[in-house]
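This report concerns only the one structure given below.
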Amino acid sequence: MKWIEVIRLRSVGKGSHLLEEFLLSINKSTQSELVEVKTYSHASLETDVSVHLHWESERLGQNGSALGFCIAQALKEFGLIDHSVWVEKEK
């Protein structure tokens, strides 16, 4: 099954260099089912960031992965967090 975790951060702008360092430090090699990590910034609000964790696994936790939960918890110090899990629909 393919699924994605989306962790959105609405930041107040404090510590933006620390945030960038944190996002760069996410190491997907420790997670065998993690396919890809992508980060996005809002087109007009540079303090809004979205982290996308792309997974392929047999099952899915109700609230996502432990890694996603840890990232969401760590990003709370920078602002408001929205953490959601999406499953790819089969054709």
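General remarks:
- Local electrostatic count, Ala66, Cβ distance below 13 Å [Lys/Arg +1, Asp/Glu -1]: -2
- Positive minus negative residues near Arg8 (Lys, Arg vs Asp, Glu; Cβ under 10 Å): -1
- Rg ratio (alpha-carbon, reference 2.2 N^0.38 Å) - the chain: 1.08
- Mean Cβ neighbour count within 10 Å, used as a protection proxy, ranking 39-47, 70-78 highest first: 70-78, 39-47
- Value of D in µm² per second that Stokes-Einstein yields for region 33-84, Kirkwood Rh from Cα pairs, at 10 °C (1.306 mPa s): 130
All of the numbers you see were taken from the coordinates with simple rules; none came from a lab. Only a predicted model underlies this, so the values are computations on that prediction, with no experimental measurement involved. No Cβ is skipped: glycine too gets one built from the backbone with ideal geometry, and neighbour counts run over all protein chains shown.
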